[in-house]
Amino acid sequence: MSMKTLPRVHIETFGCQMNESDSELVRAMLKQEGFVFTEDRERADVVLVNTCAIRENAHKKIYLHLSELRAVKKQRPLVVGVLGCMAQNLKSELAQKEPLIDVLAGPDSYRQLPTLLTTALDAQEQGLARKGFALDLSEYETYEGILPDRDDGVNAWITVMRGCDNFCSFCVVPYTRGRERSRDPESILLEARDAATRGFKQITLLGQNVNSYRHEEWDFAKLIGAVADQPGIERVRFTSPHPKDFPQTLIEAIATHPKICKHVHLPLQSGSDRILDMMGRTYTGAEYLSLAEHIRAIIPDVVLTTDIICGFCSETDEDFQATVRLVEQAQLDSAYIFKYSERKNTIAARKYIDDVPDQLKGQRVAKLMEIQRAITAERNRRYIGKTVKILIEGDATKSSTQGMGKTDGNITVVWDKHTGHSKPGTLLTKHIFDASAATLYGK
């Protein structure tokens with residue numbers, strides 16, 4: 001690299017926890033090659049944007065962000081790299097429409113980043129326009145041997161598998177992150193021990209469908225138990241499973257291991273069997289309800305949460321009402337509810353027409369959120385008068401005079417700091433005296 005000073009990199013991450021985890025891998029690989037990182041974009045020689053392709057809002061945010069970088073690049077030398085799922089899925093569009101982009105790298109190509117960025121920096125210094133693209137999907141890349149460069153905190157993300165073989169019709173992940181492959185459990189346990197040594201108290205295991213984790217004789221239940229057994233780790237979470245093949249061994253592990261959190265995020269997507277079939281989800285609404293009841297029977301204090309899409313292709317009022325009925329029957333603890341937004345290259349984009357008006361999608365989201373908010377508030381009120389164990393995460397979002405932590409079930413608890421200890425990473429108990437749909441209030 002011909003630059004006299006070490007190149008400074010600023011990375012900005014959009015989207016899911018998997019992207020957060022990938023940004024930590026990118027930092028580790030670039031630091032190993034002599035790059036330094038800065039939180040100040042104005043001081044950066046390189047700006048990397050790690051992107052999400054799941055929803056339209058994410059695309060809009062990223063394009064707005066790129067327009068800001070275009071203005072910066074007109075004023076001074078700057079190498080711009082776009083990473084992640086949007087780079088993979090919209091490579092032609094980004095390469096043609098965004099001439100400011102010097103480097104495009106998909107989720108399986110991060111090992112090439114040091115070379116790509118060095119080439120781009122050298123070309124810029126010589127006044128040349130030389131772009132570098134690395135967008136091949138891999139059947140094997142799991143980034144073994146790289147310990148992520150994590151910011152200090154309470155939770156450490158650990159990716160246990162990459163890619164997905166489910167091919168749900170609405171989802172772009174198999175096309176942006178490739179086919180499913182599981183990491184070696186020993187490397188995962190090494191990463192967990194490293195996180196514990198660095199003071200992280202909670203591990204969250206990540207995969208598009210953790211039920212499918214397989215490495216020789218290891219399944220996900222065995223893996224999560226082994227991670228939870230690591231000294232220094234107080235809590236282990238995971239996301240996400242698929243309702244179609246939720247293993248009994250995993251339910252039993254959650255029920256019996258004191259450090260595996262009693263929280264299951266179980267994506268529903270729709271309560272209409274017709275829509276579920278079009279989505280390629282391979283279960284019915286009745287089967288989903290039966291699974292939720294089965295999990296609750298074995299883990300009575302479990303917190304169940306979900307994802308729901310409103311306004312999928314051809315969704316009728318009758319389909320939507322089926323979702324409403326299922327939500328009311330299931331009485332889940334909370335739900336992330338979204339408008340359907342068509343993604344390029346998905347099965348749904350090729351086979352179906354996105355024919356539900358945007359305004360109607362919005363109305364359905366608002367109605368379902370209102371129903372779920374009432375259910376969540378009622379379920380949270382069950383904690384009033386009880387004492388719950390929480391892991392402190394830091395200050396409350398709305399006030400630095402309040403502490404904030406999470407229950408075992410991942411429900412937010414806030415309390416006045418003057419009433420007790422508030423060091424992040426500490427486990428303590430709080431008596432709950434009030435509750436809303438978003439928060440438990442403790443003392």
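Couple of notes before you dig in:
- Residue pairs meeting the criteria (Cβ under 8 Å; at least 6 apart or on separate chains; first in contact (Cβ under 8 Å) with a residue 40 or more places away in the chain, in region 171-191; second open to solvent by 10 Å² or more (accessible area, probe 1.4 Å) and of a type in the set (Gly, Ala, Ser)): 178/138; 182/212; 185/226; 187/145; 189/226
- Annotation: of all residues in region 384-443 being acidic (Asp, Glu) and without any contact (Cβ under 8 Å) to a residue 60 or more places away in the chain, the one that is nearest to residue 332 (Cα to Cα) is 434.
- Residue within region 325-341 that is part of a helix (DSSP H, G or I), crowded, with 19+ Cβ neighbours inside 10 Å and of a type outside the set (Gly, Ala, Ser) present: yes
- Annotation: of all residues in region 192-240 being acidic (Asp, Glu) and outside any helix (DSSP H, G or I), the one that is most open to solvent (accessible area, probe 1.4 Å) is 216.
- Flag for residue 274 being within 21 Å of residue 322 (Cα to Cα), among the basic types (Lys, Arg), surrounded by 20 or more Cβ atoms within 10 Å (Cβ to Cβ) and in contact (Cβ under 8 Å) with a residue 40 or more places away in the chain: no
- Condition check for residue 137: open to solvent by 10 Å² or more (accessible area, probe 1.4 Å), closer than 24 Å to residue 32 by Cα, assigned to a helix (DSSP H, G or I) and out of contact with any Ser or Thr (no Cβ under 7 Å at 6 or more places or on another chain): no
- Some residue of region 385-401 being open to solvent by less than 80 Å² (accessible area, probe 1.4 Å), in contact with a Gly (Cβ under 6 Å, 6 or more places away or on another chain), outside the structural domain of residue 232 (by the TED database) and of a type in the set (S, T, N, Q): no
- Condition met for residue 309 (assigned to a strand (DSSP E or B), farther than 14 Å from residue 373 by Cα and not acidic (Asp, Glu)): yes
- For region 342-354, filtered to residues that are touching a Ser or Thr at 6+ places or on another chain (Cβ under 7 Å) and open to solvent by less than 30 Å² (accessible area, probe 1.4 Å), the residue that is modelled with the highest pLDDT is 348.
- Subset of region 241-267 that is touching a Ser or Thr at 6+ places or on another chain (Cβ under 6 Å) and outside any loop (DSSP other than H, G, I, E, B) - its residue that is least open to solvent (accessible area, probe 1.4 Å): 265
- Options 372, 359, 363: the member that is assigned by the TED database to the domain that holds residue 301, under 25 Å from the mean Cα position of the chain (by Cα) and at pLDDT 95 or above: 372
The values are calculated or read from the model by the stated rules, or taken from the named source; none is laboratory data. Predicted model, so just to flag it, every value in this text is computed and none were measured. Counting neighbours? That spans all protein chains shown, and the Cβs are built from the backbone with ideal geometry, glycine included. Each accessible area value is taken on the protein alone, full model and side chains, heavy atoms only, with ligands, DNA and RNA left out. Shrake-Rupley method; radii C 1.70, N 1.55, O 1.52, S 1.80 Å.
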